[in-house]
Amino acid sequence: MRFRLRDISRVNLWLWLPALAAVALVLLPVWGLWLTYHEPAGLFEAPPLSFERVWPLLLRSLSLSVIVGALSLVIGSWFAWAEVRLVYPGRRWLAVLSMMPLACPSYLLATVTREQMAPSSFLGGLFGQESSFTGFWPAVLVLTVACVPYVHLLAAAALRRCPMAEEDAARCLGASYWRIFRTIIAPRLRPTWAFGLVLVSLYVVSDFGAVAVLDCPVLTWELYQVKDGREAIVLGAGLMIVVLPLLFIVRLLHGKSAVERAVSQSMPRRHSLAGGGLVLTFLLHGIVIGVGVLLPVTSLVHWIYQGWDHGVAFSPVLEPALTTVTIGLVGALIVLLVASAVAWLTAQRRGLASALLENGVYLTSAIPGVLVAVGILKLIIGLKREYVSPAWESLEAVG
C-alpha cells in the first residue's frame with residue numbers, strides 16, 4: 001500500500017502527538033544520565049568499572065531474565081489453560097489466589113522468604129537450610145512467583161477470545177487435540193506470549209529490591225553497592241544493553257503476521273483434569289500461593305502482633321495510603337492515554353517506524369526507577385546550570 005501524506009487523518013495526527021511525547025519522555029532520563037556521566041567525580045570516586053567486572057553481571061542479569069521469563073510463561077499459561085479449559089476441584093478459588101501476588105511488592109516477598117527460610121526459622125529447619133536463603137536461585141523463585149500472575153491474566157483473556165467455531169469445525173474434520181492447539185490456539189496466543197515475555201523480562205531486569213534483599217549479584221545488585229554516580233550510569237547502560245536481545249527474542253516469538261482476534265460466541269469446551277496433571281497443577285498452585293500469599297500474610301500478621309505486644313508505635317498509614325492511591329490513579333490514567341496512542345499507531349501500520357516507536361517506549365523500562373528519577377533530576381539541574389542561570393545573569397547585567 002502506497003503511503004500518501006493526505007492519508008494522515010486529523011485523528012492520527014492527534015495520536016502522533018502523545019506517541020512522540022511518550023518517546024520524548026523515555027529519552028529525557030537517558031539524557032539526564034548522560035549529563036551525569038560527564039559531571040566531575042564526587043568525593044567518593046571509585047575505581048572505574050572494568051569489562052571483567054561488568055560482563056559476568058550482565059550475563060547473570062540476562063540469565064535471570066530468561067529463566068524467570070520462561071518459567072513465568074509456562075506456569076502462567078498453564079494456569080490460564082486450567083482456568084479456562086479444564087475442570088478440577090477448587091479451580092476458581094485457586095485461580096484467584098494465584099493472582100494475589102500482584103498485590104505484594106517483590107522486595108517484600110524476598111524479605112519474607114529470606115526470613116522464613118533462614119536456618120533458625122521453622123521452614124528453614126524443615127527444609128534443612130544450613131545457610132541464608134540468598135543467591136541466584138532464590139531470586140528465580142521469588143521473581144517467578146511475582147511475575148506468573150501477569151502471564152496468567154494475559155493468557156486467560158486471550159483464551160477467552162479464541163473463537164470456538166474454528167475448534168469445533170476442526171474437531172468435526174477429525175483433527176486431534178494437539179493439532180487443534182498447534183494450528184488454531186497457539187497462533188492466537190503468540191502475540192500474548194510475546195507481550196507477556198517482554199513484560200516479565202523488563203520487570204526482572206529492572207527489579208531493584210528483590211535482588212538486593214537476596215544478594216543476587218546482577219547489574220541492579222551492583223547498582224545497589226556502588227558509591228560513585230558515574231558507575232551507576234554505566235550499570236544503567238548495561239541494563240539497557242541486556243534488553244536488546246530480549247526484545248529480539250520477543251520479536252521472533254511474536255511473528256510477522258498479525259492474528260485476527262475474534263470474540264468467542266460460545267462457552268469453551270472443558271475437560272476434566274486428573275492423574276499426574278492434577279497433582280502438578282496443585283503443586284504449582286501451592287508454590288505460587290504459598291510463597292506469594294500465605295507466607296507474606298502470616299509473616300506480616302505475626303510481625304504486627306509482636307509489635308503491638310512489645311508496645312511499638314506504628315507510623316500512620318492513612319495519609320501515605322491516600323497519597324499512594326492518588327498518585328497511582330493519576331499516573332495510571334496518563335499512562336493509559338499515552339500508551340493507547342502508541343498501541344493504536346503501531347497496530348495500524350507495521351514497519352520500521354512502528355517497530356522503533358513500539359520498542360522505544362520500552363527503553364527505560366529496563367532501568368530501575370531510582371535511576372530514572374536521578375536522570376530527570378540531573379537533567380533539570382543541568383539545563384538550569386547551562387541555560388537558565390546564564391540567561392538570568394545576562395538579564396540582570398542588562399538591567
>> Among the residues in segment 96-118, are any of a type outside the set (Ser, Thr, Tyr) and closer than 29 Å to Ile184 by Cα?
In response: yes
> Pairs under 9 Å by beta carbon, first residue touching a residue at least 24 places away in the same chain (Cβ under 8 Å) and under 24 Å from Thr134 (Cβ atoms) in segment 95-110, partner open to solvent by less than 60 Å² (accessible area, probe 1.4 Å) and of a type in the set (Asp, Glu), six or more apart or different chains?
Replying inline: Ser106/Asp207; Tyr107/Asp207
> Residues Ala341, Ala321: which one is without any contact (Cβ under 8 Å) to a residue 12 or more places away in the chain, closer than 30 Å to Leu25 by Cβ and not charged (D, E, K, R)?
Replying inline: Ala321
>> Name the residue that is modelled with the highest pLDDT, counting only residues in segment 317-341 that are open to solvent by 100 Å² or more (accessible area, probe 1.4 Å) and farther than 23 Å from Ala22 by Cα.
In response: Leu322
> What are the residue pairs meeting all of these: first residue in segment 272-291, first residue within 26 Å of Ala110 (Cβ to Cβ), second residue open to solvent by 70 Å² or more (accessible area, probe 1.4 Å), Cβ atoms under 8 Å, and 6 or more apart or on different chains?
Replying inline: Thr281/Trp78; Leu284/Trp78; Ile289/Met100
> In the list Gly277, Gly292, which residue meets the criterion of being within 23 Å of the chain's Cα centre (by Cα), surrounded by 10 or more Cβ atoms within 10 Å (Cβ to Cβ) and assigned to a helix (DSSP H, G or I)?
Replying inline: Gly292
> How about segment 123-186: which helices (runs of 4 or more DSSP H) wholly inside it have at least 1 residues that are open to solvent by 10 Å² or more (accessible area, probe 1.4 Å) and among the aromatic types (Phe, Trp, Tyr)?
Replying inline: 136-161, 177-180
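The values are calculated or read from the model by the stated rules, or taken from the named source; none is laboratory data. What you see is a predicted model; the values in this text were computed from it and never measured. Ideal geometry is used to build each Cβ from the backbone, glycine not excepted, and the neighbour counts take in all protein chains shown. Remember, those area values only see protein heavy atoms, side chains included, never the ligands or the DNA or RNA. Shrake-Rupley method; radii C 1.70, N 1.55, O 1.52, S 1.80 Å.
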